[in-house]
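The structure under discussion appears below in the form of structure tokens.
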Number of protein chains: 2
Amino acid sequence: MRQVAILGIGQIKVDEHWDLSLRELGGNAAFAAMQDAGLDRIDSLFVGNMLSPMVSGQNQLGTFFSDWIGLWDQESVKVEAACASGAAALRAGLMAVAAGEMDSALVVGVEKMTDKAGHDVTAALATAADADYEVEQGVSFVGLNALVMRRYMHEFGWQHEDFAPFSINAHANAMHNPYARLHEKISVDKFEKSSMVATPINLLDASPIGDGAAAAILVPAEKVASLQGKPRVTIAGSASATDSIAVHSRKDPLFLSAAYLSSRKAYDMAKVGWEDIDVFELHDAFSIMSALSLEASGFAERGQGVRLGLENEIGPTGRVPVCTRGGLKARGHPVGATGMYQIVELVQQLRGECNETQVDGARVGMAQNIGGSGATILTHILKAEQG
Amino acid sequence: MRQVAILGIGQIKVDEHWDLSLRELGGNAAFAAMQDAGLDRIDSLFVGNMLSPMVSGQNQLGTFFSDWIGLWDQESVKVEAACASGAAALRAGLMAVAAGEMDSALVVGVEKMTDKAGHDVTAALATAADADYEVEQGVSFVGLNALVMRRYMHEFGWQHEDFAPFSINAHANAMHNPYARLHEKISVDKFEKSSMVATPINLLDASPIGDGAAAAILVPAEKVASLQGKPRVTIAGSASATDSIAVHSRKDPLFLSAAYLSSRKAYDMAKVGWEDIDVFELHDAFSIMSALSLEASGFAERGQGVRLGLENEIGPTGRVPVCTRGGLKARGHPVGATGMYQIVELVQQLRGECNETQVDGARVGMAQNIGGSGATILTHILKAEQG
């Protein structure tokens, strides 16, 4: 396999974009990435999206976007793995370029979730769970995560407020990210007093949905020296693993085995360990997932993920900086786009473009994107190399 | 890139399977392929599907099926390109194995279209067209094809009955395929008298939907000698190309430019020309598409595709045998599964397992899978090599 580099990145603000259609959301992120890369012709397009057939009545998003973007005639396809669709599209594009089958790939994660009057986005999101054995019983997606969080608190003796640092850190970092959905600092008091959604998950445990799109352009690494003095960013590790789709079928619902497997594969491929990761964009769809992700990926012992937050180790100057641009919690979670926002944000960190939330000397970044309640998990490791 | 071979195939009958869930449909085809290959452990799963989020309320089909099939922990993903989802999943699996990223890939095309009370499958199918500029105007999918067929008849002077041989051939071949949806011979008279759907497309111009699943297992070619005396089947050519998603945006709506581009790329990759193709499984969703596919792929001049049928050249003993197991028209068109049925059927031909519809000495087979009204088109060329 050829080594692959990220030549350009693009994103739009996660928001309620009533003035932008699905076409424009994805197109604007793609155009930004093409401008950043200085390319107007790309061999292929990989789109990550979860909801468009249900919410926008539009399938075949690969060709839908290659048509709109002007990549006429070029190969394109859509990849779907629920909320991990973004990273799954990245991995499909990566394999295509790595295989030598094409010399450039545009990867776009895109989701239009608001302004479709009358459509039930909560029901559409529930298609990530097991339709026959979970959704049929009336369990919503947040409900599943609430069951996991409650069990975790019971098993390991944590209180609800112990999860506050995850949300506080995400909100604090998002203050400095113009592309973030929420620009509002929060406190432990505010965290504890926010509205209950599904006990013990309250509004500030949960990430907000939104319209969004983020994109990256992949090329063989040997074709890139450095970008105007900025380091070359390569995809050093990439892996995907799965667990049962229904939470109740897992040997241990408090352990993300697909995060364990995909992170270990990615570490091996990138020839690093968790202690080498300078910045970790994890999938904090709910605060409980931050803890489970840190534990399964090697950063904390079982049941001790929350301790990293309580000990102030997750901020940009901490031992394990997470969600440095706001994470799902405050940048926002436009589901099929989220995995690509994580990649764009890692590239910003490795290029040193993050200003107030820049992790000093960041050279190795990791992103973990989760589909369903831990059913599909992809881990990517990016490295900065001085040109 | 490593050369890739097809080690095993599996399929279920296309039908109204009221007794089988989505899980069981895909699972049964996968198990058949695993049994055929003699493998019970496979590195990865690629699922082609178009409608399940809408029709079955189930997304994340990669993990949904890896869980059900017992490929626990393994990488999996779903690929969607409307009715070309099956071939798009094959191509994703092919690139993963060819890149050396994994040593085996199970590719399953699956679609559950019946028995979901109250759900409008016609509306779900329309998501393959342009939601903003086609569907919004009230044009159905068959309506779009009808406009193209009418224009073709006008431009090139053909009558409706000139298309009859495509359907007659498909129905005749399906008589000998136990997995086909329809087992009924038809005549020109019956073709001309069948019910009108959208002028000039009548019931016998159109392929029937159905529940179905077909699967193949891909491995590096060097790991396969021959299969119990049967030839080794390799994927010699694979290409994907796109056109505008809306028919009205095309320079020429009577020419499938994505079929032209993908077939030429596949010919180049396989080092063959159209005259070397012994059997061609084309995408006869509507009879007009058979003509356009033959023309764009080099088998006929512009506007002359129907002549191959009228001159009796498309049967198993003809110059260009098409739809040798019934095609979409009579084997049936379970949309996201169709591309994989074509692959399974080509392997059957190249292994010499087709009995009454066996093409004598078939060594090179081609499959063409179309998403939307020609928007995404994938062409695959398989070769038989004596072990």
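Miscellaneous remarks
- Residue within the stretch A:358-366 that is open to solvent by less than 10 Å² (accessible area, probe 1.4 Å), touching a Ser or Thr at 6+ places or on another chain (Cβ under 7 Å) and part of a strand (DSSP E or B) present: yes
- Hey, B:Gly315 within 14 Å of chain A (Cβ to nearest Cβ) and open to solvent by less than 30 Å² (accessible area, probe 1.4 Å) or not: no
- When residues of the stretch A:36-55 are limited to those that are over 24 Å from A:Gly100 (Cα atoms) and surrounded by fewer than 24 Cβ atoms within 10 Å (Cβ to Cβ), the one farthest from the other protein chains (Cβ to nearest Cβ): A:Val55
- Considering each residue of the stretch A:283-304 in turn, at least one proves to be without any contact (Cβ under 8 Å) to a residue 12 or more places away in the chain and surrounded by fewer than 24 Cβ atoms within 10 Å (Cβ to Cβ).
- Looking only at the stretch A:58-87, residues that are of a type outside the set (D, E, K, R), closer than 22 Å to B:Gly86 by Cβ and open to solvent by 10 Å² or more (accessible area, probe 1.4 Å) come to 2 in all.
- Matching option when the condition is touching a Lys or Arg at 6+ places or on another chain (Cβ under 8 Å) and away from chain A (no Cβ under 14 Å), among B:Ala384, B:Ala362: B:Ala384
- Residues of the stretch B:184-213 satisfying the condition of being free of Cβ contacts under 8 Å to residues at least 12 places away in the same chain and under 28 Å from B:Ile343 (Cβ atoms): B:Leu203
- Just one of the numbered conditions (1) free of Cβ contacts under 8 Å to residues at least 40 places away in the same chain; (2) under 22 Å from the mean Cα position of the chain (by Cα); (3) within 14 Å of chain B (Cβ to nearest Cβ) is not true of A:Gln137: (2).
- In the stretch A:222-230, the count of residues that are surrounded by fewer than 23 Cβ atoms within 10 Å (Cβ to Cβ), over 21 Å from A:Asp130 (Cα atoms), more than 14 Å from every other protein chain (Cβ to nearest Cβ) and of a type in the set (Ser, Thr, Tyr) is one or more.
- Test set (1) open to solvent by 10 Å² or more (accessible area, probe 1.4 Å); (2) out of contact with any Cys (no Cβ under 7 Å at 6 or more places or on another chain) - B:Gln348 fails condition number: (2)
- In summary, B:Ala214 fulfils each of the numbered conditions (1) open to solvent by less than 10 Å² (accessible area, probe 1.4 Å); (2) within 12 Å of another protein chain (Cβ to nearest Cβ); (3) not in a helix (DSSP H, G or I) with the single exception of condition (2).
- Meets criteria (open to solvent by 10 Å² or more (accessible area, probe 1.4 Å) and touching a helix residue (DSSP H, G or I) at 6+ places or on another chain (Cβ under 9 Å)) for B:Ser195: no
- Residue that is nearest to the chain's Cα centre (by Cα) [pool: residues in the stretch B:14-35 that are open to solvent by less than 20 Å² (accessible area, probe 1.4 Å) and within 9 Å of chain A (Cβ to nearest Cβ)]: B:Leu22
- Here A:Arg331 fulfils each of the conditions (1) charged (D, E, K, R); (2) under 20 Å from A:Leu382 (Cβ atoms); (3) in contact (Cβ under 8 Å) with a residue 24 or more places away in the chain; (4) open to solvent by 10 Å² or more (accessible area, probe 1.4 Å) apart from (4).
- Per this entry, B:Gly93 is counted among residues that are out of contact with any Lys or Arg (no Cβ under 9 Å at 6 or more places or on another chain) and within 13 Å of chain A (Cβ to nearest Cβ).
- Criterion applied to B:Glu80, B:Glu111 was being touching a Gly at 6+ places or on another chain (Cβ under 9 Å), charged (D, E, K, R) and within 11 Å of chain A (Cβ to nearest Cβ), and the one residue passing it is B:Glu80.
- For the stretch B:210-230, the candidate set comprises residues that are at pLDDT 95 or above and of a type in the set (Val, Ile, Thr); within that set, the residue that is nearest to B:Ser287 (Cα to Cα) is B:Ile217.
- Checklist (1) in contact with an Asp or Glu (Cβ under 6 Å, 6 or more places away or on another chain); (2) open to solvent by 70 Å² or more (accessible area, probe 1.4 Å) applied to A:His183, failing item: (1)
- With respect to the conditions (1) surrounded by fewer than 21 Cβ atoms within 10 Å (Cβ to Cβ); (2) within 14 Å of chain B (Cβ to nearest Cβ); (3) in contact with a strand residue (DSSP E or B) (Cβ under 9 Å, 6 or more places away or on another chain); (4) of a type in the set (Val, Ile, Thr), A:Val142 falls short on a single one, namely (2).
- When each of A:Val188, A:Val148 is tested for being over 17 Å from the mean Cα position of the chain (by Cα) and open to solvent by 30 Å² or more (accessible area, probe 1.4 Å), the lone residue that passes is A:Val188.
- Just one of the numbered conditions (1) away from every other protein chain (no Cβ under 11 Å); (2) surrounded by fewer than 24 Cβ atoms within 10 Å (Cβ to Cβ) is not true of B:Gly100: (1).
- Qualifying residue in the stretch B:367-384 (condition: open to solvent by less than 10 Å² (accessible area, probe 1.4 Å) and in a helix (DSSP H, G or I)): no
- Residue within the stretch A:151-165 that is surrounded by fewer than 22 Cβ atoms within 10 Å (Cβ to Cβ), in contact with a strand residue (DSSP E or B) (Cβ under 6 Å, 6 or more places away or on another chain) and part of a helix (DSSP H, G or I) present: no
The values are calculated or read from the model by the stated rules, or taken from the named source; none is laboratory data. Bear in mind the structure is a predicted one, so any value in this text is a computation, not a measurement. For neighbour counting, all protein chains shown are included, and Cβ atoms are generated from backbone atoms with ideal geometry for every residue, glycine included. Calculation scope for accessible area: heavy atoms of the full protein, side chains included, ligands and nucleic acids excluded. Shrake-Rupley method; radii C 1.70, N 1.55, O 1.52, S 1.80 Å.
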